[in-house]
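Student: Once you've had a glance at the structure underneath, I'll fire off some questions.
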Amino acid sequence: MRRKIVAGNWKMNGSKDLSEKLVGYVQAEAGSLDNGVEVVIIPPAIYIRDVLRQAEGAVSVGVQNVGQWQSGAYTGEISSEMAKDAGCDYVLVGHSERRQIFGETDELVAEKVALVVASGLTAIVCVGETLEERESGLAESVVASQVRLGLSAVSPGDWKNIVLAYEPVWAIGTGKTATAEDAQAMHASIRSVLKEMGAPAEEISLLYGGSVKADNAAALFSESDIDGGLIGGASLDAKEFISICRYFPASS
Ligand code: PEP
């Protein structure tokens with residue numbers, strides 16, 4: 001049975017005050033979700049302790065990035081072992097902002113994924129095509145290649161610690177969302193790539209991300225291969241974020 005996950009990526013936003021108010025609200029509401037959704041909050045690393053304290057175990061917590069080393073003279077970096085030590089369960093790997101702004105390659109993504117799963121944490125591995133790639137008819141092949149390369153170092157026992165997030169780059173923070181049908185088609189394609197790789201594809205959760213809001217979540221989450229969402233902007237609004245979590249159908 002696949003995990004149903006709604007994860008909020010705060011990016012470089014937030015404060016102690018937001019951690020207190022937003023997580024307080026989400027923590028209070030998460031208990032009344034009756035659709036089996038796991039709520040994950042992924043704040044800037046400096047607020048992990050505040051979020052964990054406020055969450056009181058009602059939501060899971062993740063970090064937005066880790067370095068490709070476990071310790072050493074790498075000023076400014078944090079490791080997956082540190083994320084685990086701090087109480088996190090999830091690590092985002094290969095978000096398009098990391099790929100585009102910080103030059104992260106599929107090879108680097110593969111190295112980080114290997115370290116994350118070795119730490120016993122779950123990697124949420126982000127993939128997605130640019131607008132140019134989609135308009136050139138390359139979306140499926142670009143995403144398939146990101147999946148194959150980014151997950152190339154996952155060993156058979158570690159697939160349980162892999163979640164994928166399909167986030168078309170042109171939909172992130174733009175207000176444009178893939179239609180539910182297009183997102184479903186890409187998720188089905190990703191699942192078939194996972195199958196070809198010998199992964200237990202039917203057990204791996206595939207999240208959709210890219211301008212998900214309360215008013216489009218229901219359509220996206222009702223698709224058979226969409227197992228949840230990775231939410232950016234809307235996760236900074238407690239009520240909107242919880243509404244998105246509620247849109248997950250109880251039966252799927
Ligand atoms: C994201 O940053 O992963 C994301 C999907 O952002 P937004 O929801 O704001 O498009």
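The values are calculated or read from the model by the stated rules, or taken from the named source; none is laboratory data. Note that the structure is predicted; figures quoted are calculated from it, not measured. Reconstructed Cβ throughout: ideal geometry from the backbone, glycine too, with neighbour counts over all protein chains shown.
Student: Is there any pair linking a residue in region 172-187 that is in contact (Cβ under 8 Å) with a residue 12 or more places away in the chain to one that is loosely packed, with under 14 Cβ neighbours inside 10 Å, with Cβ under 9 Å and at least six apart or on different chains, and which?
Tutor: Filtered contacts from region 172-187: Gln184/Ser224; His187/Ser224.
Student: Another one. Take the residues in region 165-179 that are crowded, with 23+ Cβ neighbours inside 10 Å and either at pLDDT 95 or above or on the phi > 0 side of the Ramachandran plot (or both); name whichever of them is nearest to the ligand (Cβ to nearest atom).
Tutor: Taking the candidates together, the pick is Glu167.
Student: If you take the residues of region 94-109 that are closer than 11 Å to Leu151 by Cα and of a type in the set (A, V, I, L, M, F, W, C), which of them is nearest to the ligand (Cβ to nearest atom)?
Tutor: Ranking the qualifying residues of region 94-109, first place goes to Val109.
Student: What is the number of the single condition among (1) at pLDDT below 95; (2) assigned to a helix (DSSP H, G or I) that Leu108 does not meet?
Tutor: (1)
Student: Let me ask something additional. Against the conditions (1) crowded, with 18+ Cβ neighbours inside 10 Å; (2) under 15 Å from Val127 (Cα atoms); (3) of a type in the set (A, V, I, L, M), where does Leu220 fall short? Just the number, please.
Tutor: Among (1) crowded, with 18+ Cβ neighbours inside 10 Å; (2) under 15 Å from Val127 (Cα atoms); (3) of a type in the set (A, V, I, L, M), Leu220 violates only (2).
Student: Something else about it: Can you confirm whether region 110-124 contains a residue that is within 14 Å of the ligand (Cβ to nearest atom) and closer than 22 Å to Lys160 by Cβ?
Tutor: Yes, that holds for at least one residue.
Student: Next question. Looking only at region 23-39, count how many residues are part of a helix (DSSP H, G or I), touching a residue at least 60 places away in the same chain (Cβ under 8 Å) and over 19 Å from the mean Cα position of the chain (by Cα).
Tutor: 2
Student: Under 6 Å between Cβ atoms, at least 6 apart or on separate chains: pull out the pairs that start in region 218-238 with a residue that is in a strand (DSSP E or B) and end on any residue that is small (Gly, Ala, Ser) and within 14 Å of the ligand (Cβ to nearest atom).
Tutor: Leu230/Ala7; Leu230/Ala165; Leu230/Gly209; Ile231/Gly8
Student: What are the residue pairs meeting all of these: first residue in region 93-112, first residue within 16 Å of Ile42 (Cα to Cα), second residue more than 12 Å from the ligand (Cβ to nearest atom) and charged (D, E, K, R), Cβ atoms under 7 Å, and 6 or more apart or on different chains?
Tutor: Filtered contacts from region 93-112: Val93/Lys112; Gly94/Glu104; Arg98/Glu104.
Student: If only one of Ala250, Ala201, Ala219 is away from the ligand (no atom under 14 Å from the Cβ), touching a Lys or Arg at 6+ places or on another chain (Cβ under 7 Å) and on the phi < 0 side of the Ramachandran plot, which one is it?
Tutor: Going through Ala250, Ala201, Ala219 in turn, the sole match is Ala201.
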